[in-house]
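The values are calculated or read from the model by the stated rules, or taken from the named source; none is laboratory data. Computed from a prediction, not measured in an experiment: that's the story for all the values here. Methodologically, a virtual Cβ is constructed for each residue, glycine included, from the backbone with ideal geometry; neighbour enumeration extends over all protein chains shown. Areas reflect the complete protein model, heavy atoms only, side chains present, ligands, DNA and RNA absent. Shrake-Rupley method; radii C 1.70, N 1.55, O 1.52, S 1.80 Å.
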Amino acid sequence: QVQLVESGGGLVQPGGSLRLSCTASGSIFSIYDMGWYHQAPGKQRELVATITSAGSTSYADSVKGRFAISRDNAKNTMYLQMNSLKPEDTAVYYCYANIRDSGLGYRMNYWGQGTQVTVSS
């Protein structure tokens, strides 16, 4: 089985920074695309950033220039560096990874449990 575990959320003042981590573990054969979504109260889950296995990245317009996604393939870990945080960034942040389980013949998306990020003074 494959699991994704997130960490790094918390409370931060506007203009502050946080770094989220997402680590995959279990019967992993290969990890392909990874990314982050967020979901604010009463709103739909929205894509924040993605990164391919080769390191190509993409971002939502709302976070361009403030957030940076990266990954360490040797550690099966992805990061989201969030700078210049705004109150509107407040949400639960979920990571996902497209993974081929070593016991399966196909790929599927796995999700983390979510981590709360609150930006408030």
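Among the residues of segment 12-41, which ones are closer than 22 Å to S121 by Cβ and of a type in the set (G, A, S)?
G15, G16, S17, A40, listed by residue number.
Pull up segment 88-121, narrow it to residues that are part of a strand (DSSP E or B) and of a type in the set (S, T, Y), then point me to the one that is farthest from G42 (Cα to Cα).
Y110
Taking segment 15-27, which residues are open to solvent by less than 70 Å² (accessible area, probe 1.4 Å), assigned to a strand (DSSP E or B) and either aromatic (F, W, Y) or more than 15 Å from V2 (Cβ to Cβ) (or both)?
Passing the criteria: L18, L20, S21.
Having 2 or more residues that are surrounded by 13 or more Cβ atoms within 10 Å (Cβ to Cβ) and not polar (S, T, N, Q) is the bar; report the strands (runs of 3 or more DSSP E) wholly within segment 28-87 that clear it.
Working: elements: 28-39, 46-51, 57-59, 67-72, 77-82.
Once the strands (runs of 3 or more DSSP E) in segment 28-87 are filtered for at least 2 residues that are surrounded by 13 or more Cβ atoms within 10 Å (Cβ to Cβ) and not polar (S, T, N, Q), what remains is 28-39, 46-51, 67-72, 77-82.
Being touching a Phe, Trp or Tyr at 6+ places or on another chain (Cβ under 7 Å), within 13 Å of A97 (Cβ to Cβ) and not aliphatic (A, V, I, L, M) is true for just one of S53, S30. Which residue is that?
S53
Determine, yes or no, whether F29 is among the aromatic types (F, W, Y) and either out of contact with any Asp or Glu (no Cβ under 8 Å at 6 or more places or on another chain) or free of Cβ contacts under 8 Å to residues at least 24 places away in the same chain (or both).
Considered against the rule, which asks whether it is among the aromatic types (F, W, Y) and either out of contact with any Asp or Glu (no Cβ under 8 Å at 6 or more places or on another chain) or free of Cβ contacts under 8 Å to residues at least 24 places away in the same chain (or both), F29 comes out as no.
Give the number of residues within segment 1-60 that are hydroxyl-bearing (S, T, Y) and in contact with a Gly (Cβ under 6 Å, 6 or more places away or on another chain).
Going through segment 1-60 one residue at a time, the tally reaches 3.
On the basis of being open to solvent by less than 40 Å² (accessible area, probe 1.4 Å) and either within 29 Å of S121 (Cα to Cα) or not in a loop (DSSP other than H, G, I, E, B) (or both), does V5 make the cut?
no
Within segment 88-101, track down each residue that is open to solvent by 40 Å² or more (accessible area, probe 1.4 Å) and among the acidic types (D, E).
If the condition is that a residue be open to solvent by 40 Å² or more (accessible area, probe 1.4 Å) and among the acidic types (D, E), then E88 is the only one that fits.
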